[in-house]
Amino acid sequence: MIFQQGHADGLPDVAAAGPVPSFLPVLLIGVLFGLAMDYEVFLVSRMREHHEHSGDPAEAIAEGISRSARVGVAAALIMVAVFGGFVFNEDPIIKSIGFALAFGVFVDAFVVRMTLVPAVMALIGRHAWRMPRWLGRLVPEVDIEGARPPAARAAGPAAGAGVVAGRDTAADKSGARL
């Protein structure tokens, strides 16, 4: 919109208006999706690690954000600066790619990953950390962080009480199975 409809006319070296290359949306989706998933895995894995140890969803969200926010912000600012550097290129296609990627990373990192994801997880509460039983039977149980003691891993899911590696092995407080 900035480049196609000429909203950046007043900026130096920006053409009055021009078409958006057909490959630009595909390139943007691929790069931004990859970066977004990288930020997301980093952010939520910190939350999950703390939730495995504390069992408190609100504390896990706050601790996960506090531990990973600085690295996420630094990575996002670096990527915004790198992609923003392409704006100074003479080629209008490279200029539009750089602007779109810089803007996309900025919005994704600060609006979506640092604001919306923690807010939605806080609203969902303890349900964000549970896996439905039907899905738990289909997905293999992987304990990468070593959250369960070795004896509980060898004995199987029945040996641990409550939530084991993100799975509900016992009834919740209301007595209902998830």
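Inspect region 56-64 for any residue being among the hydrophobic types (A, V, I, L, M, F, W, C) and open to solvent by less than 40 Å² (accessible area, probe 1.4 Å) and give the result as yes or no. Yes, because at least one residue in region 56-64 is among the hydrophobic types (A, V, I, L, M, F, W, C) and open to solvent by less than 40 Å² (accessible area, probe 1.4 Å). Residues considered: VAL20, VAL14, VAL80. Of these, the only one that is modelled with pLDDT of 85 or more and of a type outside the set (Phe, Trp, Tyr) is VAL80. Here region 29-41 is the region considered, the condition is being out of contact with any Lys or Arg (no Cβ under 6 Å at 6 or more places or on another chain), surrounded by 16 or more Cβ atoms within 10 Å (Cβ to Cβ) and not β-branched (Val, Ile, Thr), and the residue that is farthest from TRP129 (Cα to Cα) is LEU32. Looking across region 80-106, the residues that are farther than 18 Å from PHE23 by Cα and open to solvent by 50 Å² or more (accessible area, probe 1.4 Å) come down to ALA81, VAL82, PHE88, ASN89, GLU90, PHE106. Residue count for region 116-126 under the criterion of being open to solvent by 70 Å² or more (accessible area, probe 1.4 Å) and modelled with pLDDT of 90 or more: the result is 4.
The values are calculated or read from the model by the stated rules, or taken from the named source; none is laboratory data. This structure is a prediction, so every number in the text was calculated from the model and none was measured. A quick note on method: Cβ atoms are made from the backbone with ideal geometry, for glycine too, and the neighbour counts reach across all protein chains shown. All accessible areas refer to the heavy atoms of the entire protein, side chains included, with ligands and DNA or RNA removed. Shrake-Rupley method; radii C 1.70, N 1.55, O 1.52, S 1.80 Å.
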